[in-house]
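Before any comments, here is the structure.
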Amino acid sequence: CYKLRNTIERAFSHLKDWRRVATRYDKLARNFQAGIAIAAIIPWWA
């Protein structure tokens, strides 16, 4: 259980490294979700 929780918390930590996601610049929810998707894909793509 702790191993899974640690993985999830680290994932959120990496997402918050993106300024756009951490401060929520986007007004529209769809743009915000797209930013989260991009921020989540890039570490595994590179």
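On the principal axes of its alpha carbon atoms, the chain extends 35, 21, 16 Å, with the longest extent given first. The residues of the chain have, on average, 96 Å² of accessible surface per residue, using a 1.4 Å probe with all protein chains present. Within the chain, the chymotrypsin sites (Phe, Trp or Tyr not before Pro) that combine a DSSP coil assignment with at most 16 other C-beta atoms in a 10 angstrom radius are TRP18, TYR25. A 1.4 Å probe over all protein chains sorts ASP26, ASP17 by accessible area into ASP17, ASP26, starting with the largest.
The values are calculated or read from the model by the stated rules, or taken from the named source; none is laboratory data. Quick caveat, the model's predicted, so the values are computed rather than measured. Glycine gets a Cβ as well: all are built from the backbone with ideal geometry, and neighbour counts include every protein chain shown. Protein only, heavy atoms only, side chains kept; ligands, DNA and RNA dropped before computing areas. Shrake-Rupley method; radii C 1.70, N 1.55, O 1.52, S 1.80 Å.
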